[in-house]
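The values are calculated or read from the model by the stated rules, or taken from the named source; none is laboratory data. What you see is a predicted model; the values in this text were computed from it and never measured. Neighbour counts run over all protein chains shown; Cβ positions are idealised from the backbone, glycine included. With ligands, DNA and RNA removed, areas are computed over all heavy atoms of the protein, side chains included. Shrake-Rupley method; radii C 1.70, N 1.55, O 1.52, S 1.80 Å.
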Amino acid sequence: MELVVRKNDLLRELQLFQGIVERKNTIPILANVLMEAKGDEVRFLATDLEVGLRSKCKAAVTKGGTLTLPAKKFYEIVKSLPDTDIRIADDKGGAKIAADRFESKLQTLPREDFPTLPESGGTTTATLPRNAVKEMVAKTQFAITGEDTRYFLNGALFVLRPDEMNLVATDGHRLALVSVTRDGNGKDGEENKAILPKKTLGELGRLLMEGDGDIDYERGENHLFFTTGDRLLISRMIDGQFPAYERVIPKGNDKHIEFERDRLTNAVKRVALMSNERSRAVKFQIDKDKVDVTSSSPDVGEARETLPVEYSGSPMQISFNAQYVLDFLAAVATDVVSLELKDEVSQAVMKPVGAEGYDYTYVIMPMRL
């Protein structure tokens, strides 16, 4: 293999692989990116066996071939080089990377060790609007549990219907659901459900941060394929039965309070400083035209901040995990948010007021103090 490629073109692609390759893995080849030079382009592939990414960029290829290079070290070298052409060539069990007056040799691993990834069938299940998917990922991925023995909660449920698409995530204490209406296209008529791993959502979100154009979504037997431009994200589906999320969303919450988002965010942040470090609980004491956000901890002390609101119902109080409230407030962009309550032991619902293009519902379990 012998080729010349622009630094910025190469760096842009290598950057996308950094979240996919695993730092600590028992299979050394998974720390490498597979490079294939052919024609006037170089193709890349990396995977952790759950998520994989294919991409390519333009290159002047003198001699075609295939190499596997350590993704992190390769990226670090390219990033440190001046903005110029980079020369890459294979060299007796390694690869030479040179630019300007710099020269290096990286150890490679055999191409044969690299796992084979499933190929997409080339039939698009649906075309998804880029901005809508970006919004959906940002508003749900934080609610996915990290390490749950109920492995189906380690991902988000993607539901595709002819007229709408939903993404829903829950960790058992809160639930985030985003719905976006769509013009039916692709194989419509039936509901299409898949549980996407947490890592897939993170990589999809990263992929959508640059560029434009919609996403081609394809559902295979055990894998999902997301194509955007020259990049293809391949993900294993989580096999399992996602909880019936519709049942979790309360219908009878008759107390409605609206807050200025920034004021509520700042109040919860300040008051939470005095909350119990383990429970992170803040209490909302609701009375006529005001809400007192309070917290107390026997070791530290207590705090209170009063927020003026429009409310004429009966007084009540309810406690939440401060971080769960802040996660929601950070994910929405509207100036006003609403809180819908029934009583102090039932689930509360938070929503952005006046959001355009999507419907966002955040269900949060109260804490018993």
Averaged per residue, what accessible surface does the range 1-71 expose to a 1.4 Å probe, in Å²?
-> 42
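In the range 249-319, what percent of the accessible surface is made up of carbon and sulfur (1.4 Å probe, ligands and nucleic acids excluded)? Intermediate results must be reported in sequence, preceding the final value.
Details: 1830 of 4200 Å².
Looking at the range 249-319 in its full context, I get 43 percent from C and S.
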Between residue 38 and residue 209, take the C-beta separation as r, use R0 = 45 Å, and let me know the FRET efficiency to the nearest 0.05.
-> 0.95
In the chain, which helices (entire DSSP H runs) extend 15 Å or more along their own long axis, judged by Cα positions, while averaging at least -0.5 on the Kyte-Doolittle scale?
-> 7-17
Where labels lie 7 Å past Cα in the beta-carbon direction, separation of residue 244 and residue 164 in nm = 1.8
At 1.4 Å probe size, with every protein chain present, just tell me what the per residue accessible area of the range 78-138 comes to in Å².
-> 58
Ordering 311, 358, 151 by how much accessible area each has at a 1.4 Å probe, largest first, what is the list?
-> 151, 358, 311
Checked against the structure, the computed volume of the Cα convex hull per residue in Å³ among [x] 172; [y] 217; [z] 156 is the one labelled [x]
What order do 6, 236 take when sorted by accessible area (1.4 Å probe), most exposed first?
-> 6, 236
Taking 0.36 nm per residue of separation and subtracting the Cα-Cα distance, what length does fully extending residue 8 through residue 84 add?
-> 26.5 nm
For residue 336 and residue 50, compute 0.36 nm times the residue count separating them, minus their Cα-Cα distance, and round to one decimal in nm.
-> 99.1 nm
1/(1 + (r/R0)^6) with r = Cβ-Cβ of residue 193 and residue 266, R0 = 56 Å, i.e. FRET efficiency to nearest 0.05, evaluates to 0.90
Residue 111 accessible area, assembled protein chains, probe 1.4 Å, Å² | 100
Helix-derived mean residue ellipticity, 222 nm - over the chain, DSSP H n ≥ 4, -39500 (n - 2.57), to 500 = -5500 deg cm²/dmol
Length gain on complete extension for the stretch residue 343 to residue 231, per 0.36 nm per residue less the alpha carbon to alpha carbon distance?
-> 35.5 nm
In the range 1-122, taking the dipole from +1 charges on Lys and Arg beta carbons and -1 charges on Asp and Glu beta carbons about the Cα centre, the listed residue (32, 118, 88) farthest towards the positive end is 88
Residues listed by number, the range 308-340, amide nitrogen under 15 Å from residue 290 label point at 7 Å toward C-beta | 308-312, 315-316
